[in-house]
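Colleague: One structure follows; several queries about it will come next.
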Amino acid sequence: MKTILLIAYLAFFALRFLFHWVLTILNMNQALKEKDTLPPFLEGRIGQEEYLRSQAYNRRSGNFGLISFAAGSVVTLIILLTGFPGILDNFTAMLFKGSLVQGIAYIFLFSLIPDLAGLPFEVYRQFVIEEEFGFNKMTGPLWLTDKIKEILVSLIISIPLLALLFFFMDRTGDFWWFYGWLFFSFFQLFLSLLYPTVIAPLFNKFTPLEEGELRERLNDLAQECGFKTKGIFLMDGSRRSGHSNAYFTGLGRTKRIVLFDTLVEKLTTDELAAVLAHEIGHYKKKHILKSLAASFAVSLGVFYLLSLALNWLPLFEAFSFSRTSYHGILVILMFFSSPFTYFLTPLLSRISRKNEYQADAYALKITKGTDALQEGLIKLNRDNLSNLTPHKTYSAFYYSHPPLRERWDALEREKKEL
């Protein structure tokens, strides 16, 4: 049975690898086909030189993405085929006394391998590719400081999470999966409340918008929409990158709108108001709550499946473990499940794109059918060197946001119905 499970895993692994490569190559070929042809709706809005630069950036990123993906796949195969999961399990069992301490240490040490293997690629992307196209604002010391912070935050969060999860698995009988799921769900909610005010400020500076025309306009818009928030904040994204964005974060009293300082520099007041209306649209359409509810439902199913697999020795043996264990089943889930979950990507992407269309429609209604959102989206895509001509299959599979051309067309249709 363990051989059959290993072969099934390798088959899905190979299928995911080939699928990703084919889609990426299709996407890059699409860009080559249209490298000299500016989409008609962008004429007069994006210059030919800017268009060619975005094409070059996406070709460069695409090629590098294929290399880094291949390298990551090789690392995973080496880990699996050398029996490393079982070797590390035996090593940590000798080194640490007690299943709780060993389990936490095992997961931490195991996670270091793919993280360390990915570091050279992360550094190259940040300090070579992003630098080449003028996006990198990061210094070496700042990058290193961020990494140290990420490790510390990860430890502070994961150690109590794993300890309590192991407690439920060990002490609450056959229904541990339900109690574990309840705890995990509450922990997820707690982090959602904590992130905007405690975790995010460890990495970026968030300041309320200064008094003036922009702040007054955005506050009036929020009030008009009936959107109560702890504030609209400016984030110092320019410390690390030239990319720009805006996002909605938090729940309840901690919810806030965050605008990158790079975004505020590039968009007009009307365009920023339209962007804010889009973010409020996500709240009004209950996208955050729906995502949380879906996440809770999926995690419930995952916990139940874990309970079924926890004592299935052939599954552990397929990944070179000699015994069943709490940390073993979590590692199998966290590090070896992606070849199977990968094929859910287009479904998740489609749901996300649907939400984006709804938020766009809401923003268009609030801004009374003006061109502000469309013009703002063009500037965002232009300045971020987004792929303006992605392959339809690639974008349908991977894009959480609709391509610019599709968003533009959808907004044009919405205008006719207003």
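Colleague: Would you kindly identify the helices (runs of 4 or more DSSP H) lying entirely within the stretch 314-379 that contain at least 1 residues that are surrounded by fewer than 21 Cβ atoms within 10 Å (Cβ to Cβ), touching a residue at least 12 places away in the same chain (Cβ under 8 Å) and of a type in the set (Val, Ile, Thr)?
Modeller: Per the criteria, 326-336, 345-366.
Colleague: Right, here's the next one. So which residues in the stretch 233-249 are more than 22 Å from Ser291 (Cβ to Cβ) and in contact (Cβ under 8 Å) with a residue 40 or more places away in the chain, if there are any at all?
Modeller: Matches in the stretch 233-249: Ser238, Arg239, Arg240, Ser241, Gly242, His243, Ser244.
Colleague: Looking at the stretch 223-255 only, could you name the residues that are among the aromatic types (Phe, Trp, Tyr), within 28 Å of Leu142 (Cβ to Cβ) and more than 20 Å from the chain's Cα centre (by Cα)?
Modeller: The one that is among the aromatic types (Phe, Trp, Tyr), within 28 Å of Leu142 (Cβ to Cβ) and more than 20 Å from the chain's Cα centre (by Cα): Phe233.
Colleague: Continuing with the same structure: Please give the number of the condition Asn27 fails out of (1) modelled with pLDDT of 90 or more; (2) under 24 Å from Ile129 (Cβ atoms); (3) out of contact with any helix residue (DSSP H, G or I) (no Cβ under 8 Å at 6 or more places or on another chain).
Modeller: Only one criterion is unmet by Asn27, namely (3).
Colleague: Right, here's the next one. Among the residues of the stretch 203-217, is any surrounded by 17 or more Cβ atoms within 10 Å (Cβ to Cβ), over 19 Å from the mean Cα position of the chain (by Cα) and part of a helix (DSSP H, G or I)?
Modeller: yes
Colleague: Let me ask another. Just checking, which of Ala105, Ala93 is touching a Ser or Thr at 6+ places or on another chain (Cβ under 6 Å), closer than 20 Å to Tyr326 by Cβ and aliphatic (A, V, I, L, M)?
Modeller: Going through Ala105, Ala93 in turn, just one is touching a Ser or Thr at 6+ places or on another chain (Cβ under 6 Å), closer than 20 Å to Tyr326 by Cβ and aliphatic (A, V, I, L, M): Ala105.
Colleague: Quick one: in the stretch 298-327, of everything that is β-branched (Val, Ile, Thr) and closer than 17 Å to Phe168 by Cα, which residue is modelled with the lowest pLDDT?
Modeller: It comes out as Thr324.
Colleague: Does the stretch 169-186 contain at least one residue that is surrounded by fewer than 16 Cβ atoms within 10 Å (Cβ to Cβ), touching a helix residue (DSSP H, G or I) at 6+ places or on another chain (Cβ under 6 Å), farther than 30 Å from Arg60 by Cα and of a type in the set (A, V, I, L, M)?
Modeller: No, that holds for no residue.
Colleague: Oh, and also: Residue check, Glu130 against (1) surrounded by 14 or more Cβ atoms within 10 Å (Cβ to Cβ); (2) acidic (Asp, Glu); (3) free of Cβ contacts under 8 Å to residues at least 60 places away in the same chain, all met but one. Which one?
Modeller: With (1) surrounded by 14 or more Cβ atoms within 10 Å (Cβ to Cβ); (2) acidic (Asp, Glu); (3) free of Cβ contacts under 8 Å to residues at least 60 places away in the same chain applied to Glu130, the lone miss is (3).
Colleague: Tell me which residues, restricted to the stretch 390-418, are farther than 20 Å from Ala246 by Cβ, part of a loop (DSSP other than H, G, I, E, B) and within 22 Å of the chain's Cα centre (by Cα).
Modeller: Listed by number, the residues that qualify are Pro390, His391.
Colleague: Tell me which of these Ile107 doesn't satisfy, since it passes every other one: (1) free of Cβ contacts under 8 Å to residues at least 40 places away in the same chain; (2) among the hydrophobic types (A, V, I, L, M, F, W, C); (3) touching a helix residue (DSSP H, G or I) at 6+ places or on another chain (Cβ under 7 Å).
Modeller: (1) is the only condition that Ile107 fails.
Yes/no matrix, rows are residues, columns are (1) in contact with a Ser or Thr (Cβ under 8 Å, 6 or more places away or on another chain); (2) over 18 Å from Ala372 (Cα atoms):
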residue: Ile199; (1), (2): no, yes
residue: Arg215; (1), (2): no, no
residue: Gln223; (1), (2): no, yes
residue: Lys230; (1), (2): yes, yes
residue: Ile257; (1), (2): yes, yes
residue: Glu271; (1), (2): no, no
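Colleague: Which strands (runs of 3 or more DSSP E) does the stretch 226-292 wholly contain that include 3 or more residues that are modelled with pLDDT under 85?
Modeller: Those strands (runs of 3 or more DSSP E) span 246-249.
The values are calculated or read from the model by the stated rules, or taken from the named source; none is laboratory data. As the structure is a computational prediction, the values presented were derived from the model and not from experiment. Methodologically, a virtual Cβ is constructed for each residue, glycine included, from the backbone with ideal geometry; neighbour enumeration extends over all protein chains shown.
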